[in-house]
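The values are calculated or read from the model by the stated rules, or taken from the named source; none is laboratory data. In this text, all values refer to a predicted model and were calculated from it rather than measured experimentally. With ideal geometry, Cβ positions are generated from the backbone for all residues, glycine too; neighbour counts draw on all protein chains shown. These area figures cover heavy atoms from the full protein model, side chains too; ligands, DNA and RNA do not enter into them. Shrake-Rupley method; radii C 1.70, N 1.55, O 1.52, S 1.80 Å.
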Amino acid sequence: MTEIQRLDPDAAVAELRASADSARGFLGLDPVTQNDALLTAELEALEAQLFSAGETLVGFAPNADQPRQAYVASTSADPEPLRALLEFLTTYQRCTTFVAMVPDGAVAAAGFTACGFEQVGVLPRHRWQNYDWQDVLVYVGRADSCRS
């Protein structure tokens with residue numbers, strides 16, 4: 001199994017910035033247009049934790065309204081770092097369900113479907129990026145269906 005390494009807040013922001021376009025929409029953030037101070041504040045407000053696995057960045061934010069659920073994000077189509085994150089969340093955070101909000105056309109969508117996530121909806125024209133509105137795809141996964 002792929003190993004993930006937890007990042008401290010400064011390293012998390014640096015990794016988001018380095019991921020550039022592949023991190024757009026990561027937990028609702030945009031490292032292309034948001035500065036480091038804002039990214040740090042947003043991650044703190046979300047109570048987000050980010051992890052690295054080689055070139056891939058994965059992360060989660062707990063859902064305050066649903067304690068056993070986490071919002072998850074990835075910068076890659078590779079399902080292995082995402083599987084490692086989901087295993088961590090299931091084991092140590094006791095999460096049973098996961099929600100991913102992925103900008104339409106993002107490469108990360110393939111990683112979610114490979115991990116058993118199901119697309120359950122579309123938020124039309126939800127994000128503003130590159131001078132146009134962009135749809136966001138909503139994926140849901142369950143701990144019992146996300147294992148390899």
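Do we have A77 as surrounded by fewer than 19 Cβ atoms within 10 Å (Cβ to Cβ) and in contact with a Gly (Cβ under 6 Å, 6 or more places away or on another chain) here? The answer is yes for A77. Taken over segment 85-100, the residue count meeting the criterion of being open to solvent by less than 10 Å² (accessible area, probe 1.4 Å) and over 13 Å from V140 (Cα atoms) is 2. If the condition is being modelled with pLDDT under 95 and open to solvent by less than 30 Å² (accessible area, probe 1.4 Å), then segment 28-55 contributes L29, D30, P31, A53.
In segment 108-134, of all residues being open to solvent by 90 Å² or more (accessible area, probe 1.4 Å) and part of a strand (DSSP E or B), the one that is modelled with the highest pLDDT corresponds to E118.
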